[in-house]
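A quick write-up on the structure given underneath.
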Amino acid sequence: MAEFAKAFLTYSVILFVFLIGLALAVLIVLYLIDVTQKEHTVRRNYPVIGRFRYFFEHLGEFFRQYFFAMDREEMPFNRAQRTWVYRAAKNIDSTVAFGSSRDLRPEGTVMFVNSPFPPLTDEALPPRPITLGDGYCDKPYTTSAIVNISGMSYGAISKPAVKALSYGANKAGCWLNTGEGGLSPFHLEGGCDIVFQMGTGKFGVRDDEGNLSEQKLKKIAEHDSVKMIEIKLSQGAKPGKGGMLPAEKVTEEIAEIRGLKPGQAANSPNRHFELNNNSDLLDMIHRVRRVSGRPTGFKAVVSSPEWLDELFELINSRGLEFAPDFISVDSADGGTGAAPMSLMDDMGLPIRESLPMVIDKLNQHGLRDRIKVNASGKMINPTEVAWALCVGTDFVSTARGAMFALGCIQALQCNKNTCPTGITTHDKELQRGLVVEDKQKRVAHYLKNLEKEIRIIANSCGVKRPRDLNRHHARVVVEHGKSKLLAEIYPFIKT
C-alpha cells in the first residue's frame, strides 16, 4: 500500500510538472505570436494579457443584463419588458408593487387617459371581428385577433421554434406569418391561420430563374390554413436590403422549401425586380390575389408621405380592385433579422411616426375602409399595442415578443448558428432545450395575456372594446415632462 501511494505521488508530481511545462510552452508561443503580429495593437503592446480583452468583451454581452443593467436601461428590450413577457408566457402573476420604475418624463413617453367612470368589468366585450378582402377575392378572411405573430422564416429560426409558434398561434386564435423563407410543413403542423409572405427572393413560389411561379403560388394557396398573402417590400431590420440566410443554415430541407441549392447562402434581392413603380406594385397585388384567391397586401417600412400620396392617388384612379387588402407597417428600428448596423440604426422611420402617417393618408384619400392596417415593430407589451390601437391600426404583429415567449434571452446570437435557447440555430444539441409541448403553451399564454391586458387598458380608458380606443385616449410627453393628447399631435383627418 505504501509503495502504491509512493508511486501515485510520483506520477502526480510528474503530471503536474508536465502540465506546468505545457502551460508555459503555450504562453511562450502565444507571447511570440502576439509580439510579432501587426494586426492588433493591444496584443502587440500587451502580449497574452491583451487577449483577455476580447474574452471579457464577449462575456459582457451575456453578463450585462444580469449583473449591471438596471431594469429600464437595456436596448433593444430592457429587463422590465422581457420580464413581463416571461411571466405572461408562464401564465403567472405579472403585477408589480411599490410603484412604477418607469421614468415618465422623457420625450415620447406614452400615458393613457383613464376614465372617471369606466365600464364595469363584466361589461367589457371581446374584440370585434374584421374581414379582409370582402368583395375583392374568392376567399375573404375574418379574424377577431388583435395581436398576431410576425414573419420569422424557417431557416432563420429552427424547426421546433416554428412548430411551437404554429401550435401556440392555434391555441391563441391568431395568425402566424411564415416570413420570406417559404411555407414549411412545420408552419402547417399546428393548424393555425397562416399568412404566407412572399419576399423579394420569392422563396417557395419561385421558378428556376427566380421569377414568380403562378403554379407554385396556387399550390400554396390550396392549403386551407393559408389565409392571406403578404408581399414584402422591406422590413424593419433592413429597409432597402433583402433577407440574408448564411450558407451554414441552408440545409437540404430548407433548400427544398425555398427552391435553392443546399449550402448556398440565401441572399434575396433588395427589391422585387418586377416592381419599378407604384403601378407595378398594384399589378403584382392584383395578380397574386387573382391567382391565390386570398386577401393580398404588402409589408413595408414607411418614411415618405409623398410616396403614400402617389400610391393612394393611383389606387383611386385605377379602382379599388387594385388596392391592397392590407398594409403591414414595419418600424425602422431593427427586428429579428440580421442586418448592417447602418440600416438597422438609421434607415426609415420608427413606428411612432410612420403608423400615424399611414393611417392619416388612408383617411385623407378615402381608403381607410378598403385597406386594413397591421402594425409591427417592438410591440411586445400591452402599452405599445394599446398605443397602436389608439392611433388607428386594425392589427398588431410581434416577432420578438413570440421569441421571448419561446425562451429567448436576448443573447444577440440570431445571426449565428449558436443560439443558446435553440430558437435561431440548426444545431440539434442546442435545439434539445426547446421542447415544443411546453413552448407552444407559453406562446399561447403570452398572446392571450397580452390581449387580456390590452382589454384592461381599454376598459380603464372608458371603452368596452380594444378597437374602440382612439387618439383621445393617449397622451405623449413632448417636452419637460409635459404631455399632449395624441389627437393634438396627430389630429383626426376626416374623409
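The values are calculated or read from the model by the stated rules, or taken from the named source; none is laboratory data. Treat the numbers as computed from the prediction; the structure is a model and nothing was measured. In this analysis, Cβ positions are derived from the backbone assuming ideal geometry, glycine residues included, and neighbour counts consider all displayed protein chains.
Structure notes:
- Looking at Arg64, Arg72, just one residue is touching a helix residue (DSSP H, G or I) at 6+ places or on another chain (Cβ under 8 Å), of a type outside the set (Gly, Ala, Ser) and modelled with pLDDT under 75, and that residue is Arg72.
- Residue in the stretch 415-422 that is under 17 Å from Tyr86 (Cα atoms), part of a helix (DSSP H, G or I) and either touching a residue at least 40 places away in the same chain (Cβ under 8 Å) or touching an Asp or Glu at 6+ places or on another chain (Cβ under 9 Å) (or both) present: no
- Of note, Arg289 satisfies the criterion of being at pLDDT 95 or above, within 19 Å of Phe326 (Cβ to Cβ), in contact with a Ser or Thr (Cβ under 6 Å, 6 or more places away or on another chain) and among the charged types (D, E, K, R).
- Unique match (being of a type outside the set (Phe, Trp, Tyr), in contact with a helix residue (DSSP H, G or I) (Cβ under 7 Å, 6 or more places away or on another chain) and under 23 Å from Ala323 (Cα atoms)) among Cys137, Cys174: Cys137
- Selected residue [modelled with pLDDT of 70 or more and over 24 Å from the mean Cα position of the chain (by Cα)] from Glu57, Glu107: Glu107
- Positions within the stretch 358-371 being crowded, with 22+ Cβ neighbours inside 10 Å and closer than 18 Å to Glu321 by Cα, in sequence order: Leu362
- Residue selected from the stretch 224-265 under the condition within 16 Å of Ser158 (Cα to Cα) and part of a strand (DSSP E or B), by the criterion modelled with the lowest pLDDT: Met244
- For the stretch 155-173, taking the residues that are closer than 19 Å to Thr425 by Cβ and surrounded by fewer than 24 Cβ atoms within 10 Å (Cβ to Cβ), the one that is modelled with the highest pLDDT is identified as Lys163.
- Pairs are defined by a Cβ separation below 7 Å, a sequence spacing of at least 6 or placement on different chains, a first member in the stretch 104-121 that is loosely packed, with under 11 Cβ neighbours inside 10 Å, and a second member that is of a type in the set (S, T, N, Q) and at pLDDT 85 or above; the pairs so defined are Thr121/Asn459.
- Only one of the numbered conditions (1) more than 24 Å from Gly181 (Cα to Cα); (2) of a type in the set (Val, Ile, Thr); (3) modelled with pLDDT of 95 or more is not met by Val147, and that is (1).
- Residue check for Glu189: over 20 Å from the mean Cα position of the chain (by Cα), acidic (Asp, Glu), surrounded by fewer than 22 Cβ atoms within 10 Å (Cβ to Cβ) and not assigned by TED's automatic domain parsing to the domain that holds Ser460: no
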